[in-house]
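Notes for the one structure printed next.
The values are calculated or read from the model by the stated rules, or taken from the named source; none is laboratory data. Treat the numbers as computed from the prediction; the structure is a model and nothing was measured. Virtual Cβ from ideal backbone geometry, glycine too; neighbours counted across all protein chains shown.
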Amino acid sequence: MEYIYASLLLYKAGKEISEENVKKVLEAAGVAVDEVRVKSLVAAIKNIDIAKVLEQAIAAPVAAAPVQA
Amino acid sequence: MEYIYASLLLYKAGKEISEENVKKVLEAAGVAVDEVRVKSLVAAIKNIDIAKVLEQAIAAPVAAAPVQA
Amino acid sequence: MEYIYASLLLYKAGKEISEENVKKVLEAAGVAVDEVRVKSLVAAIKNIDIAKVLEQAIAAPVAAAPVQA
Amino acid sequence: MEYIYASLLLYKAGKEISEENVKKVLEAAGVAVDEVRVKSLVAAIKNIDIAKVLEQAIAAPVAAAPVQA
Amino acid sequence: MEYIYASLLLYKAGKEISEENVKKVLEAAGVAVDEVRVKSLVAAIKNIDIAKVLEQAIAAPVAAAPVQA
Amino acid sequence: MEYIYASLLLYKAGKEISEENVKKVLEAAGVAVDEVRVKSLVAAIKNIDIAKVLEQAIAAPVAAAPVQA
Amino acid sequence: MAVTGREIPRWKAEIVEELVELLRRHRVFALIDTTGIPANHIQMLRKKLHGKAVLKAVKPRLLGIALEKAGINPELFKEHLTGQVVAVFTDMNPFELAMLMDKYVTKTYFKPGEKTDKEIVIPEGNTGIPPGPMLSVFGRLKIQTKVQGNVIYVAKDTVVAKPGDVVSSDLASLLQKLGLALKEIRLRPKLAYDGVVIPGDKLVLNLEEYSGMLTTAHLDALKIAVELALPEPGVLQLVLAKAQRQALSLAIEAGFITPETAEAVLLAAVAKANALAAEVAKHAPELGLEVK
């Protein structure tokens, strides 16, 4: 999850979620960075509406009871 | 939330959530650090069992879909 | 469910969920394609607001099991 | 999520979730394949008991509506 | 939480959440006011849309997850 | 809700929720105080275990569906 | 209430003086209508409230005079200054007074002709009543009985009245015989005066409503606190949980698979596929999609 945390940190700080930035943050936290993973994460995140995803994440926990399907 | 993600990142990286470390991460993300907030965050987080909180956060009920086909 | 997965793959890739495309994907996965089923699948999906269905499906992390935080 | 759907399609079709197969399916769907992502996906998925996950997905609740916050 | 209660009191009363007002309320309640905290609280609150935040569901810890899957 | 927030503020500050104190807080917030409301509030709150209510507040919202509060 | 100009007998004047004194010494007074209320209930209340309030049975007309003398406009209470009235003088918060009075209950027997406010059940078992004329009372009330060892037994729990029913003389006498004092007497002020008149129906508060408001207020405060990531441990827990959920959501949406996210990501994908399948099944049942 470190990579995700780093991305969200950048997002919340209003910075671009670029490979370079993610790497910088990870390194500052002492994480040994895997270039490949950074690349694929940054690529994947480019296509996502983060604001919307985050909003939904909160809305969720209220799942109703086991409606048994 | 930047401060929170910075803390989580450190936590996951197995680093201490110290004022110094949090600042380092935030600065790497280009965030102008507010010393007071860092101080109070670090102090408050000391009292939390992060592992447990994270586990519970996810082990939540989940909204799947009306699978009832 | 193969047909559904194939459709979602196309949807997420931003491709049209056409008979031809679905067939191509299924065949690439080594599935023996049933023309009739593809036809009715494609027809059915035309009447569905996929974005909405997906959104409702899962507002959130579905980690029932403690996904090891 | 395209990569995930491709993997699930293969799984359901009874095929191995190998780099090669995932790539084939993605390409059939017209997705420009990122080798790195495929690699990390396939590696990660090897450690997962997909059958169990599928079971969970169904056992899991099915929460009612989108709980709108 | 005293600072938050004081702010919401002002908010609900239709008054401005200013440093001065927050201090006045806190002092009336016999709270020893920390100027720095008031400052940062008021500044932070300016950046959020209170009405919208109140509308959202709370991201609760989901302690009592009925769903076990 | 101003009256309720005034009470919570006093509670958190460790002060007695008396008519006099509630009035003082409300007036500091610039609220035109309704004596009868203060009286009824104070009487009602005397019969309520606030600590318990607050504790349950957070446990509850999750399971219980309509988190609208 | 034009009282002046008329001679008041001395004993009445003394009572009025006493009432005026009570009014002056207390911040609050309340009026209770004691029509039909047994004297022992008033006695009990007087005892329970001793030291907190003074209860005084008064003639409404004399209270009116006293009010005027104490500088309180009796017109405010005009419609309540009738019948059998007990005045309560106190420094308590009037709402507290009312809620306290509400807690003290006397049990008594229903009288013939009274309406019940609840269901009345005659319990199964030994009544201790020997057979005789009472058997026909049981009969008229349609209560099944049997006689054993010269005592009447009720065969099973029997409902003999529903809320709102009028108590018959048969039922009243049976309840007496069985020692079932089921009528609950509790007094509420008709009104209280604390600078302003507070009508009786406003005096007993809905505590659940207040608890609900406290809960709402606290939750709202928590929402703000979480949004601000207020550095207090109780709040930070929620903030961390929120951050974690958001992180996982992003991982899912990005299809970002790591050992710790893999399961969640797959689960999400499957759930979505299931949802779509369910929807497709509605439109194309011939596909025989089975999502279970």
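Below are the figures for this structure:
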| item | result |
| --- | --- |
| Among residues of segment G:101-116, those that are more than 14 Å from chain F (Cβ to nearest Cβ) and outside any strand (DSSP E or B), counted | 9 |
| Odd one out for G:GLY71 among (1) in contact with a helix residue (DSSP H, G or I) (Cβ under 8 Å, 6 or more places away or on another chain); (2) on the phi > 0 side of the Ramachandran plot | (1) |
| Residues (surrounded by fewer than 18 Cβ atoms within 10 Å (Cβ to Cβ) and either more than 30 Å from G:LEU171 (Cβ to Cβ) or not hydroxyl-bearing (Ser, Thr, Tyr) (or both)) located in segment G:101-110 | G:ASP102, G:LYS103, G:VAL105, G:LYS107 |
| Per-region count, segment D:2-20, residues within 7 Å of chain C (Cβ to nearest Cβ) and either surrounded by fewer than 24 Cβ atoms within 10 Å (Cβ to Cβ) or polar (S, T, N, Q) (or both) | 3 |
| Residue in segment G:214-232 that is without any contact (Cβ under 8 Å) to a residue 40 or more places away in the chain, within 14 Å of chain B (Cβ to nearest Cβ) and surrounded by fewer than 21 Cβ atoms within 10 Å (Cβ to Cβ) present | yes |
| Candidates G:VAL239, G:VAL270, filtered to the one that is crowded, with 22+ Cβ neighbours inside 10 Å and more than 30 Å from E:LEU9 (Cβ to Cβ) | G:VAL270 |
| Count of residues meeting criterion [farther than 23 Å from E:ASP34 by Cβ, β-branched (Val, Ile, Thr) and in a helix (DSSP H, G or I)] in segment B:12-42 | 1 |
| Residue within segment G:278-289 that is within 9 Å of chain B (Cβ to nearest Cβ), more than 48 Å from the chain's Cα centre (by Cα), surrounded by fewer than 24 Cβ atoms within 10 Å (Cβ to Cβ) and not in a helix (DSSP H, G or I) present | yes |
| Residue tally, condition hydrophobic (A, V, I, L, M, F, W, C), over 23 Å from the mean Cα position of the chain (by Cα), part of a helix (DSSP H, G or I) and crowded, with 18+ Cβ neighbours inside 10 Å, over segment G:60-100 | 6 |
| Qualifying residue in segment A:26-40 (condition: crowded, with 24+ Cβ neighbours inside 10 Å and modelled with pLDDT under 90) | yes |
| Residues that are of a type in the set (S, T, N, Q) and within 13 Å of chain G (Cβ to nearest Cβ), drawn from segment F:21-55 | F:SER40, F:ASN47 |
| Checking D:ASP49 against (1) at pLDDT below 85; (2) surrounded by 19 or more Cβ atoms within 10 Å (Cβ to Cβ); (3) acidic (Asp, Glu), the condition it does not meet | (2) |
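A quick yes/no check of all residues on (1) among the charged types (D, E, K, R); (2) under 30 Å from G:GLY128 (Cβ atoms); (3) at pLDDT below 90:
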{"residue": "G:LEU171", "(1), (2), (3)": "no, yes, no"}
{"residue": "G:LYS177", "(1), (2), (3)": "yes, yes, yes"}
{"residue": "G:ALA181", "(1), (2), (3)": "no, yes, no"}
{"residue": "G:ILE185", "(1), (2), (3)": "no, yes, yes"}
{"residue": "G:VAL204", "(1), (2), (3)": "no, no, yes"}
{"residue": "G:GLU208", "(1), (2), (3)": "yes, no, no"}
{"residue": "G:ALA217", "(1), (2), (3)": "no, no, no"}
